[in-house]
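This report concerns only the one structure given below.
The values are calculated or read from the model by the stated rules, or taken from the named source; none is laboratory data. Worth saying up front: this structure is predicted, and the values here are computed from it rather than measured. Note: ideal-geometry Cβ built from the backbone for every residue, glycine included; neighbour counts use all protein chains shown. All accessible areas refer to the heavy atoms of the entire protein, side chains included, with ligands and DNA or RNA removed. Shrake-Rupley method; radii C 1.70, N 1.55, O 1.52, S 1.80 Å.
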Amino acid sequence: FTRKVPQESLRRYDLDKADEENLETSRALWRHALERSGARFMRDLEAAFEENQKAEHPVDNLLFLALIRQESSFNPRNISYVGAAGLTQIMPATAKTLGMDNIYEPSYLNEAASQLSNSRNLRQQAIDIFLGMTEENSFSLAGQALNLMQQSMKCSKKWKELYARYRWELLKAGTDQRLDPAMAIRYGHAYFSQMMTVQKGDISLALASYNAGPHRVEQYNGIPPFEETIQFRNKVMRYYREYRSKVERYRPARPSVGLKP
C-alpha cells in the first residue's frame, strides 16, 4: 500500500511514519510547543536533539516532547507503579543496559514485579471462570473464582507495599541518575531513537516498544493487546498532534505558485 498509493493518500490515512516535512518543522519550531513546565529543560532537550538528529530514523522533536508529557508531565521526580523513574520513565534494567551506572535496584524489586504479575494472572483466571459459568456449574465454580480473586488481592497488596517502599527510598536517596533531568532526557531520547530504528520509523510500533518492550511487539506482530500500551500510544499521538497544530502558526507561509501571464 505504501509503495503504490500517492503521497497525498499516505498523508490522509496518517500511517504514523516519520515525515521529512514534519521533522524539519519540528527541528525549527519545537520550542514554541513547550509549556512552562517543560521550558526549564530546554538546554537538555537541545543537547539530546542535536546528539541524535543523524540517526537512521530520526525522532521528531515534538513527538519526544509528547512522550515526556505522557510519561511524567515534565515532573523529574515522577515514579511509576512498576519502578520506572524520571522524566522519561526508564526502568532500572533498561537504564543499566543504556549505560546509566547509578541506578537504585534493590533485591525486593523483582519480588514486587512477581507479585504484580501473579495478581494479574490470578485475576484473569477468576474472570475466565466467571465467563464460563452456567446455571449447572455456577455453584461449584463460584467458590473457585472467589478464592482466586482473594489471592489476587493479597498479591496486589504486597506489590503496592513494596513499590511504595521503593518510591520512598528512591526519592529519599535522590542519587539515581534517572532523577537527573539531563540524564533522563539524554538516555530516554537515545532509547526511543533505538526503538524508532528497530521499528523502521513506524511511530506507533516504536511507542509500543518503548512502553512494553520490543520483544512484546515482536511477539504480537504489532501493538500488544495491553490496555496500558494502547492508551500510552494513543495519548502520546494525541499530544503530538496537538503540538504539531500549535507550531503550525509559527511556520512561514509558503509562497503561492501561480501561472505566468
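Just the Cα atoms of the stretch 122-261: what Rg and Dmax do they give in Å?
My reading of the Cα-based Rg and Dmax gives 24.0, 88 Å.
So which residue, out of Leu45, Leu148, Leu67, gets the largest mean-square fluctuation from a GNM of the chain using Cα contacts under 10 Å as springs?
With Cα springs under 10 Å in the chain, the top fluctuation among Leu45, Leu148, Leu67 is at Leu148.
Tell me what the chain gives for mean residue ellipticity at 222 nm when only DSSP H runs of n ≥ 4 count, each as -39,500 (n - 2.57), the sum divided by the residue total, rounded to 500 deg cm²/dmol.
One gets -21000 deg cm²/dmol as the mean residue ellipticity at 222 nm.
So if we plug the beta-carbon distance of Lys160 and Glu35 into 1/(1 + (r/R0)^6) with R0 = 41 Å, what FRET efficiency do we get, rounded to 0.05?
0.85
With each pseudo-label sitting 7 Å past Cα toward Cβ, what's the Thr134-Ser114 distance in nm, one decimal?
Roughly 3.9 nm, to one decimal.
Please build a GNM for the chain, connecting alpha carbons under 10 Å apart, and tell me which residue among Gln70, Gln89, Gln231 fluctuates the most.
Evaluated over the chain, the most mobile residue of the options is Gln231.
Provide the per residue accessible area, probe 1.4 Å, for the chain, rounded to a whole number of square angstrom.
I get 60 Å² per residue for the chain.
Kirkwood Rh and Cα-based Rg: tell me the resulting Rg over Rh for the stretch 29-93, rounded to two decimals.
The Rg/Rh ratio comes out at 0.98.
Keeping every protein chain in place, order Val82, Val198 by accessible area at 1.4 Å, biggest value first, i.e. largest first.
Per-residue accessible area, sorted high to low, gives Val198, Val82.
With a 1.4 Å probe and every protein chain left in place, tell me how much accessible area Asp44 has, in Å² to the nearest 10.
Asp44 has an accessible surface of roughly 50 Å² with all protein chains in place.
What do you get for Rg/Rh of the chain when both radii come from the Cα atoms and Rh is the Kirkwood radius?
In the chain, Rg relative to Rh is 1.07.
What Kirkwood Rh does the stretch 116-160 have if only Cα atoms enter the pairwise 1/r average? Answer in Å.
Hydrodynamic radius (Kirkwood, Cα pairs) of the stretch 116-160 is 10.6 Å.
I'd like to know how the stretch 1-150 sits against the 2.2 N^0.38 Å rule of thumb: what's its Cα Rg over that expected value?
With N residues counted in the stretch 1-150, Rg over 2.2 N^0.38 Å equals 1.57.
Could you tell me which residue out of Gly132, Ala112, Leu87 lies farthest along the dipole of the stretch 82-138 toward its positive end? Charges go on the beta carbon: Lys and Arg +1, Asp and Glu -1, centred on the Cα centre.
Leu87
Looking at the chain, which longest stretch skips every one of the trypsin sites (Lys or Arg not before Pro) that is in a DSSP loop with at most 10 other Cβ atoms within 10 Å, leaving the sites themselves out?
Excluding the exposed sites themselves, the longest stretch runs over 55-248.
Select from Met237, Met42, Asn211 the residue farthest towards the positive end of the dipole of the chain; place +1 on Cβ of Lys and Arg, -1 on Cβ of Asp and Glu, and compute about the Cα centre.
Met42
Heavy atoms only, probe 1.4 angstrom, no DNA, RNA or ligands counted: give me Ser9, Ser107 ranked by accessible area, highest first.
Ser107, Ser9
Using label points projected 7 Å from each Cα along Cα→Cβ, tell me how many nm separate Tyr250 and Met42, to one decimal.
Each label point is offset 7 Å from its Cα along the Cβ direction, giving 0.9 nm.
Can you tell me what percent of all Cα-Cα pairs in the stretch 74-154 are more than 20 Å apart?
52 percent
Using a 1.4 angstrom probe on heavy atoms only, work out the carbon and sulfur share of the accessible area of the chain in %.
50 percent
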